[in-house]
Amino acid sequence: LVGTEQITLNEIDSKVSQELFDQLNRIHFIREMALKELIKDKLLKLESKKQGISMDSLLNRVYKEKIDNKTIAAYLTRNNFTNTVPEFKNELKNYSIDSEKGKSIIMGRVKEKVLADYVDSLKSDVNIVKKLLPPVSQYIKLNNSLIHYRGNTQSDITVLEISDFDCEMCREHYPVMKEIYNKYKDKVRFGFTHYGSYVTPSSLASEAAFKQDRFWEMRDSLFMQSKVPDSLLIFNIAKNMNLNLIDFYNDFNNNNLNSLIEKNMLDINSSGIYGTPTILINNRLVYNSSSKDEIEARLEFELNK
């Protein structure tokens with residue numbers, strides 16, 4: 001309590017919603033790795049019990065049957081190890097494949113591959129039910145007025161891209177979102193809004209272009225530049241788009257527009273978003289917003305519900 005004012009756990013979580021979701025996903029990844037190891041151990045335990053031998057005896061038998069000079073040669077060829085084999089601990093070191101250390105490293109890795117293949121073969125005979133589910137982000141509702149939409153604007157499914165024209169990762173992410181948009185634009189509504197630590201010339205340019213119904217064309221042009229556009233380049237883009245340059249100039253320099261973008265970014269920040277690019281699908285965070293596979297998997301799930 002602060003005086004008579006109460007602070008709830010939901011309020012706390014909403015202030016750090018994206019950071020909290022990221023941490024939960026990291027924990028989930030650690031759990032997934034632990035589960036994978038435990039499944040392997042259980043499978044080997046069941047198989048050794050089935051054969052009436054110890055687990056060590058089972059592993060020794062597998063290695064004896066599966067590893068020979070041909071197996072080792074195939075491993076070296078597959079990994080292009082001709083003279084040395086690398087090992088990274090505190091630092092990267094290379095060892096001759098003919099040295100005792102090199103042979104030890106190679107044998108250890110060959111055993112890991114053989115064991116992994118053997119464990120996979122055991123899975124076909126055992127019913128494995130996994131109930132470890134990834135975290136679901138809390139519902140994030142952005143009430144700002146600077147979201148621009150395209151695609152199927154009547155769709156019940158919305159992909160919202162929270163991005164920054166001056167962010168290098170956002171620029172690298174642009175082709176991914178372009179490909180996803182082209183694939184799903186007939187089924188999904190796509191939105192875009194600005195976020196960053198300050199109002200950039202590019203964000204002003206896109207909103208000035210919006211005044212002439214050319215937001216998406218300006219947005220694409222800005223992201224396709226090889227470097228972050230300065231004002232001169234921005235006005236050249238506007239000229240090549242055949243925008244009314246007088247109106248564009250006036251809107252670009254309009255303090256009210258600057259304040260509107262700034263308020264938009266503060267609203268996003270207050271919802272617990274802290275980075276770009278960030279993707280929301282139906283108001284829930286995508287963990288890896290740069291992953292085409294993850295975004296498409298979420299979209300297919302929503303489309304098939």
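The values are calculated or read from the model by the stated rules, or taken from the named source; none is laboratory data. Note that the structure is predicted; figures quoted are calculated from it, not measured. Every residue, glycine as well, gets a Cβ built from its backbone with ideal geometry; the counts of neighbours run over all protein chains shown. We work out accessible area using only protein heavy atoms, side chains counted, and drop any ligands, DNA or RNA first. Shrake-Rupley method; radii C 1.70, N 1.55, O 1.52, S 1.80 Å.
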Tell me whether segment 250-272 contains one or more residues that are in contact with a Lys or Arg (Cβ under 8 Å, 6 or more places away or on another chain) and free of Cβ contacts under 8 Å to residues at least 60 places away in the same chain. yes
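When segment 258-305 is examined, which residues are found to be aliphatic (A, V, I, L, M), open to solvent by less than 10 Å² (accessible area, probe 1.4 Å) and in a helix (DSSP H, G or I)? First the steps, then the outcome.
Of segment 258-305, the ones aliphatic (A, V, I, L, M) are 260-261, 265-266, 268, 273, 279-281, 285-286, 295, 297, 299, 303.
Subsequent filtering for residues that are open to solvent by less than 10 Å² (accessible area, probe 1.4 Å) retains 261, 268, 273, 279-281, 285-286, 295, 299.
Selection gives Ile261, Ile268, Ile295, Leu299.
Quick check on this structure: which one of Lys131, Lys123 is under 15 Å from Lys36 (Cα atoms) and in contact (Cβ under 8 Å) with a residue 60 or more places away in the chain?
Details: Lys131 fails: in contact (Cβ under 8 Å) with a residue 60 or more places away in the chain.
Of Lys131, Lys123, the one residue that is under 15 Å from Lys36 (Cα atoms) and in contact (Cβ under 8 Å) with a residue 60 or more places away in the chain is Lys123.
Is there a residue being among the hydroxyl-bearing types (Ser, Thr, Tyr), open to solvent by 50 Å² or more (accessible area, probe 1.4 Å) and under 17 Å from Asp41 (Cβ atoms) anywhere in segment 109-128? Walk me through it before giving the result.
Start the filter on segment 109-128 by keeping residues that are among the hydroxyl-bearing types (Ser, Thr, Tyr), which leaves 118, 121, 124.
Narrowing the set further to residues that are open to solvent by 50 Å² or more (accessible area, probe 1.4 Å) leaves 121, 124.
With under 17 Å from Asp41 (Cβ atoms) added as a condition, the list becomes 121.
Yes; the residues of segment 109-128 include at least one that is among the hydroxyl-bearing types (Ser, Thr, Tyr), open to solvent by 50 Å² or more (accessible area, probe 1.4 Å) and under 17 Å from Asp41 (Cβ atoms).
Okay, residues lined up against (1) at pLDDT 95 or above; (2) surrounded by 13 or more Cβ atoms within 10 Å (Cβ to Cβ); (3) not acidic (Asp, Glu):
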{"site": "Leu1", "(1), (2), (3)": "no, no, yes"}
{"site": "Glu11", "(1), (2), (3)": "no, no, no"}
{"site": "Val16", "(1), (2), (3)": "no, yes, yes"}
{"site": "Met33", "(1), (2), (3)": "yes, no, yes"}
{"site": "Lys42", "(1), (2), (3)": "yes, yes, yes"}
{"site": "Lys45", "(1), (2), (3)": "yes, no, yes"}
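For segment 246-257, enumerate the residues that are open to solvent by 30 Å² or more (accessible area, probe 1.4 Å) and assigned to a helix (DSSP H, G or I). Walk me through it before giving the result.
Of segment 246-257, the ones open to solvent by 30 Å² or more (accessible area, probe 1.4 Å) are 246-247, 249-251, 253-256.
Ile246, Asp247, Tyr249, Asn250, Asp251, Asn255, Asn256 - these are the residues of segment 246-257 that are open to solvent by 30 Å² or more (accessible area, probe 1.4 Å) and assigned to a helix (DSSP H, G or I).
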Restricted to segment 194-251 and to residues being of a type in the set (Phe, Trp, Tyr) and touching a strand residue (DSSP E or B) at 6+ places or on another chain (Cβ under 8 Å), the residue farthest from Phe165 (Cα to Cα) is Phe210
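Can you tell me how many residues in segment 143-159 are at pLDDT below 95 and either under 21 Å from the mean Cα position of the chain (by Cα) or open to solvent by 30 Å² or more (accessible area, probe 1.4 Å) (or both)? Break it down into steps so the answer makes sense when it comes.
Residues of segment 143-159 at pLDDT below 95: 143-146.
Filter again for either under 21 Å from the mean Cα position of the chain (by Cα) or open to solvent by 30 Å² or more (accessible area, probe 1.4 Å) (or both), leaving 143, 145.
Matching residues across segment 143-159 total 2.
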Test: residue in segment 87-97 that is free of Cβ contacts under 8 Å to residues at least 12 places away in the same chain, open to solvent by less than 90 Å² (accessible area, probe 1.4 Å) and in contact with a Pro (Cβ under 9 Å, 6 or more places away or on another chain): yes
Leu58 passes all but one of the listed conditions (1) more than 38 Å from the chain's Cα centre (by Cα); (2) open to solvent by 90 Å² or more (accessible area, probe 1.4 Å); the exception is number (2)
Output the qualifying pairs, or none if there are none: Cβ atoms under 8 angstrom, residues six or more apart or on different chains, first residue in segment 168-182 and closer than 16 Å to Ile281 by Cβ and touching a residue at least 40 places away in the same chain (Cβ under 8 Å), second residue of a type outside the set (D, E, K, R) and surrounded by fewer than 14 Cβ atoms within 10 Å (Cβ to Cβ). none
